[in-house]
Amino acid sequence: MNAYQEFSIIGSRPIRPDGLDKVTGRARYGADLNMQGQIYGYIVRSPHAHAIIQSIDCSQALAMEGVLAVMTGEDLPVPGDSVLGSGEGAIALKDLSPMVMSQGKVLFHAQAVAAVAATSPELAAEAAALIAVSYQVLPAVTNMHEALGADAPILHADRFPDGFPEEPTNLAAHISLEVGEPDAAFERADVVIEQTYSVPMCHQGYIEPHACVARVDAAGRVDLWCSTQGHFTVAQYTAALTGIDVGKVKVTASEIGGGFGGKTTVYLEPVAVVLAQKSGRPVKMVMDRGDVFRVTGPAPGAQTRVKLGAMKDGQLVAADVECVMDSGAYNGNPAGIPAFMATACYKLTNARSTGRAVYTNKPKIHAYRAPSVPQVTLGFELAMTELAAELGMDPLAFRLKNAVEEGDVNMMGAPYKRIGLRECLEVASTHAHYKAPVAEGEGRGVAAGYWINAGLQSSATLNVLSDGHLSILTGSPDIGGSRASMALMAAEVLGIPFEHIHPQIAATDAVGHCDVTGGSRTTLATGQAVIQAAEQCVAEMCRRAAAEWEVEAVVVTWSQGAAHYGEQSLTFEALARRAGTMGGPLTFSSSLTASSAAPSFGVHICDAKVDKETGRTTITRYTVIQDAGKAIHPAYVEGQMQGGAAQGIGWALNEEYLYDEHGALQNPGFLDYRIPVASDLPFIDTVIVEVPNPLHPFGVKGVGEVPIVPPMPAVAEAVYRSAGVRLRDLPLNPPKIVAALQEQ
Amino acid sequence: MSIQEFVAPHSLSEAKSLLADGAMASVLAGGTDLLVGVRLGTRSPERVVDLKKIPELTAISVDAEALHIGAAASAFSILHDSDVPSFFPGFAEALDLIGSTQIQGRCSAGGNLCNASPAADSIPALIANGAQCVITGPAGDHQMPVEDFVLGPSKNALKEGELLVALILPRPSSQTADAYLRLTPRTEMDIAVAGVGVSLTLDGEGTCTAARVSIGAVAPTALLVEAAGAALIGTQLEATAIEAAVAAAREAACPISDKRGTAEYRTHVVGVLVARAIAQAQARIVEASS
């Protein structure tokens, strides 16, 4: 039972408080801050994908007029075996530090090897060209299957995943899970299918490049401004990577122009801090687009083998999933999630699931919207569709027959609470899109998707202003409209107008700890902190009104923005104006580790038309159906659903990292790394399903990530139905489709 | 070396002397390639000569014989402030495929030609329409066909101190129409994997009396495929004639495999586009005369 059942403002669609500054160009993004006296940092990057650094000579650069500092990997502490964070967010320093600057060895093309700071960006670039680095070039491997071959160059001779202790290989991790008796279950299945599916490495494609400005004061305290999804994490990582106490690092988050998981780590920030320390001047760094593609982000490419067994009546009886993920040069932990989550949509008491991660000479992968789940879901959901066809069943009916519901247990072992997959499938089955006949020459695909959603730590502080307005401070960067949601939630509890509420993202020294804006957690967890702080505010205002009226606080009620007792009432504004004489300033804070997270499910329907002569695919109609628990601001929930679908469609059709034989990225720009443009997509229709999350006071579930999970299998099926040729190796770009049609 | 000097002359003679005094100069006829090149470090002119302020270089005019398009006239002005689209819908569509509206406000047909990209959209359309380049320089003025102007990727026929002044497109008869089609994975903001420009003339009986077929992005330069045009002349554009033109275009294509497409795919798809562009040009003539 949710604490709040009826809503007055939740579910409405006010204009976001940050909107006006954004559309008028006033909003300040990462590269928009300049500090007095600042100089400019520039990074020297490796021209080789795999090499030993024999020497770095910075003397010529340092001798240049206007050059104030240089640094190399020697200026960073040796990472050792320390681990930052815990649980899902844990990362070993040795996997993080070399992404900032290499020490002794480079493992991917364009990896940072040195940096210089000078009085202008042009001078810094010129000085960087004078830094002489001598390399012993080693053979590189960028294909993960080749990386597992017997004669592949080994990236980390000193690393052995658990259970594989003998010889060093490029296997970064191996996880194997089993429930029930899958082999026996396959034996008794009426129909068994087994196929292999693959998807390429890709980038999050955020529009705003990484940027920061760092200042170090005379006492050694760091003041850092940057574009990030989590400035508390930036503080923690930067401190650990530079050896500065975290208490001396203050980070302010700029407005953020996209992140999708890719801005939950650091690349430039520790470099800017070290250069600022050395030069005594503020240091600004802005990454160019090419380097954003070359050294940040990528989501792992993956290959997934899926074996499914079902009875004639459509009951799934067994699954066996084996997913190989490309981790890049360091361990980005991509193996566990697909192993745990591959089967999460379906009732399966007999299943085996294996995840492996492989080192290759490419940048370390990083989180991208429901990390690793779209890749494994391409395989699982497309196999579900292929199996439905074999059984002669409607693909949605087949899914509905096997869909998980409350009480079912997935590979993670905990029973589901109230979830909304069945509801989404039912809505999809009766949706006008699904009921409409498929147009001549087109094809239709459907797919479901799951994402776990995170809780983690959040804090909020509410300051009641003397005119009855309210300031909300949180530490969660707003990447998808969360400030509007925070204001709506506070307005709901307090009963004051949305327009009187001013939500802000405070710096690390001005509000309690918040973990990253990631895991679709901010509206749920930071929102819950806001709700709790607002409830404290209501309690205190009722207590003050009771004192005024000389009654017991318990008899005072709060509604429509005022305390009431009998005929008497005191409004929020009145209590705010009189705060000074009624008990002092009204300030409320709440911090929590949210245990209210609940998973999200979505179902997508895609119609596509393939031009069989050119191989070009046009998405003609697309519908996203998703359980949001309770949509706080439905327009931004729909925006998440549409955005996730757009990114998934891009990944399905054209997005792909292309490396040359030397391990250099061939398409580091938006011209040749083809995310969809607006005219590539139809209007993406949305249906928000609301199955309230019983653990959250408002019933909220995270919504940001699950919409990228179903598109690839939905698009792939639609393409197959239109083109008449089955492709299981993405992206489904025109040359690949024409080649497949010609082979047919 | 970064740009040392930016000059925006108001006359052609001034521009010519700025280009001929020995400085490392680049003309800016829009800047949508030049400035990107400077940023990427592939172009490093000391002097940039902006042509946008020279009236005859941005003028567009029509007379009884031909259309004259100033080399620095923006794509936007050609598309929206001139008669060019009504005479050459295919050429206009080619220009309209370049970049975004903002880019089209700056970029020019002359610049697109001088930049000499194998994948330039406007070049096959110009070649199909028999366009001529008007060139001025220290040795005087001369003309040459567009298909001879581009020598290779990023290489054009301009000699030291020479400047492309205008493009001249012979005025088409009412029985002539052009078409340009390209293949890109995306709908826009993309670069041609293959492009095809076609111009056809039909007589009253529907017999093809003149045809020019040009293919782009499938060779170091856009090519005039004379054999493809010849395969159409004298025919009623029946299937066998179109097949012959398609075969000639595929025969002429010599693409590379790269990040934008395989050689096999480009060769295949350029033929698909030839057939479709012929059909489109034919439909335009039929529609205009009905």
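If the condition is being open to solvent by 40 Å² or more (accessible area, probe 1.4 Å) and either at pLDDT below 95 or under 20 Å from residue A:491 (Cα atoms) (or both), then the range A:526-552 contributes A:532, A:535, A:536, A:539, A:543. The conditions are (1) more than 13 Å from the chain's Cα centre (by Cα); (2) open to solvent by less than 10 Å² (accessible area, probe 1.4 Å), and residue B:95 fails exactly one of them. Which is it? For residue B:95, the exception is condition (1). Restricting attention to the range B:137-154, and to residues there that are surrounded by fewer than 13 Cβ atoms within 10 Å (Cβ to Cβ) and without any contact (Cβ under 8 Å) to a residue 40 or more places away in the chain, which single residue is farthest from residue B:62 (Cα to Cα)? Out of the qualifying residues, it is B:139.
Could you tell me whether residue B:122 is farther than 23 Å from residue B:7 by Cα and buried (at least 23 other Cβ atoms within 10 Å of the Cβ)? Answer is yes for this residue.
Yes or no: residue B:120 under 10 Å from the mean Cα position of the chain (by Cα) and among the hydrophobic types (A, V, I, L, M, F, W, C)?
Here the answer is yes, as residue B:120 does meet what is asked.
The residue that is nearest to the other protein chains (Cβ to nearest Cβ), among those in the range A:608-650 that are part of a strand (DSSP E or B) and surrounded by fewer than 24 Cβ atoms within 10 Å (Cβ to Cβ), is A:618.
In the set (1) touching a Leu at 6+ places or on another chain (Cβ under 9 Å); (2) over 23 Å from residue A:686 (Cβ atoms); (3) not in a loop (DSSP other than H, G, I, E, B), residue A:499 fails one condition alone, (1). Residues that are crowded, with 18+ Cβ neighbours inside 10 Å, of a type in the set (A, V, I, L, M) and closer than 23 Å to residue A:346 by Cβ within the range A:410-458 comprise A:411, A:419, A:421, A:425, A:427, A:428, A:446, A:447, A:448, A:452, A:454, listed in sequence order. For the range B:252-270, the candidate set comprises residues that are in a helix (DSSP H, G or I), more than 9 Å from chain A (Cβ to nearest Cβ) and over 19 Å from the mean Cα position of the chain (by Cα); within that set, the residue that is surrounded by the most Cβ atoms within 10 Å (Cβ to Cβ) is B:267. If we scan the range B:101-112, do we find a residue that is touching an Asp or Glu at 6+ places or on another chain (Cβ under 8 Å), in contact (Cβ under 8 Å) with a residue 24 or more places away in the chain, in a helix (DSSP H, G or I) and within 16 Å of residue B:193 (Cα to Cα)? Among the residues of the range B:101-112, not one is touching an Asp or Glu at 6+ places or on another chain (Cβ under 8 Å), in contact (Cβ under 8 Å) with a residue 24 or more places away in the chain, in a helix (DSSP H, G or I) and within 16 Å of residue B:193 (Cα to Cα), which makes the answer no. The residues on offer are B:194, B:210, B:275, and the sole one that is of a type outside the set (D, E, K, R) and away from chain A (no Cβ under 14 Å) is B:210. Looking across A:681, A:658, one residue alone is free of Cβ contacts under 8 Å to residues at least 60 places away in the same chain, open to solvent by 10 Å² or more (accessible area, probe 1.4 Å) and within 14 Å of chain B (Cβ to nearest Cβ). It is A:658. Residue B:256 meets the conditions (1) closer than 28 Å to residue B:172 by Cα; (2) at pLDDT below 95 in every case but one. The failed one is (1). Can you find a residue in the range A:185-197 that is more than 17 Å from residue A:267 (Cα to Cα), open to solvent by 10 Å² or more (accessible area, probe 1.4 Å) and in a loop (DSSP other than H, G, I, E, B)? Yes - at least one qualifying residue is present in the range A:185-197. Here the condition is being surrounded by fewer than 20 Cβ atoms within 10 Å (Cβ to Cβ) and either modelled with pLDDT of 95 or more or touching a helix residue (DSSP H, G or I) at 6+ places or on another chain (Cβ under 8 Å) (or both); of A:491, A:487, A:506, A:510, it holds for A:510 alone.
Could you say which residue among B:86, B:108 is open to solvent by 20 Å² or more (accessible area, probe 1.4 Å) and in the same structural domain as residue B:163 (by TED's automatic domain parsing)? Answer to the selection: B:86. Looking at A:703, A:689, just one residue is touching a residue at least 12 places away in the same chain (Cβ under 8 Å), within 18 Å of residue A:369 (Cα to Cα) and among the aliphatic types (A, V, I, L, M), and that residue is A:703. Counting residues in the range A:716-736 that are closer than 20 Å to residue A:326 by Cα, under 22 Å from the mean Cα position of the chain (by Cα), part of a helix (DSSP H, G or I) and more than 12 Å from chain B (Cβ to nearest Cβ) gives zero.
For the range B:123-179, give me the residue count where each residue is small (Gly, Ala, Ser) and either assigned to a strand (DSSP E or B) or closer than 21 Å to residue B:65 by Cα (or both). Can you show your working first?
Within the range B:123-179, the subset small (Gly, Ala, Ser) is B:125, B:128, B:130-131, B:137, B:139-140, B:152, B:154, B:157, B:161, B:166, B:173-174, B:177, B:179.
After this cut, where a residue has to be either assigned to a strand (DSSP E or B) or closer than 21 Å to residue B:65 by Cα (or both) as well, the list is B:125, B:128, B:130-131, B:152, B:166, B:173-174, B:177, B:179.
Total satisfying the criteria: 10.
Within the range A:291-309, the set of residues being open to solvent by less than 10 Å² (accessible area, probe 1.4 Å) and either of a type in the set (Gly, Ala, Ser) or assigned to a strand (DSSP E or B) (or both) comprises A:297, A:299, A:301, A:302, A:304, A:306, A:308, A:309.
Against the conditions (1) assigned to a strand (DSSP E or B); (2) open to solvent by 30 Å² or more (accessible area, probe 1.4 Å), residue A:213 satisfies every one except (2). Only residues that are touching a helix residue (DSSP H, G or I) at 6+ places or on another chain (Cβ under 8 Å), open to solvent by 30 Å² or more (accessible area, probe 1.4 Å) and among the small types (Gly, Ala, Ser): list them for the range B:157-179, please. Within the range B:157-179, just B:174 meets the criteria. Only a single item in (1) among the small types (Gly, Ala, Ser); (2) at pLDDT below 95; (3) in a strand (DSSP E or B) is not met by residue A:80, and it is number (3).
The condition of being in contact (Cβ under 8 Å) with a residue 40 or more places away in the chain, assigned to a loop (DSSP other than H, G, I, E, B) and over 18 Å from the mean Cα position of the chain (by Cα) holds for residue A:312.
Would you check if there is a residue in the range A:107-115 being away from chain B (no Cβ under 14 Å), open to solvent by 10 Å² or more (accessible area, probe 1.4 Å) and in a strand (DSSP E or B)?
Within the range A:107-115, the subset away from chain B (no Cβ under 14 Å) is A:107-115.
Still in the list and also open to solvent by 10 Å² or more (accessible area, probe 1.4 Å): A:109.
Filter once more, keeping what is in a strand (DSSP E or B): none.
Among the residues of the range A:107-115, not one is away from chain B (no Cβ under 14 Å), open to solvent by 10 Å² or more (accessible area, probe 1.4 Å) and in a strand (DSSP E or B), which makes the answer no.
Number of residues in the range B:160-183 that are over 18 Å from residue B:92 (Cβ atoms) and within 14 Å of chain A (Cβ to nearest Cβ): the value is 1. Report whether or not residue A:698 is in a loop (DSSP other than H, G, I, E, B) and under 21 Å from the mean Cα position of the chain (by Cα). Taking the combined requirement at face value, the residue does not satisfy it. Regarding the range B:71-82, can at least one residue be identified that is touching a Ser or Thr at 6+ places or on another chain (Cβ under 7 Å) and exposed (fewer than 15 other Cβ atoms within 10 Å of the Cβ)? The answer is no; no qualifying residue exists.
The values are calculated or read from the model by the stated rules, or taken from the named source; none is laboratory data. In this text, all values refer to a predicted model and were calculated from it rather than measured experimentally. Heads up, the Cβs are rebuilt from the backbone with ideal geometry, glycines too, and the neighbour counts pull from every protein chain shown. Heads up: the accessible areas ignore ligands, DNA and RNA and are worked out on the full protein's heavy atoms, side chains in. Shrake-Rupley method; radii C 1.70, N 1.55, O 1.52, S 1.80 Å.
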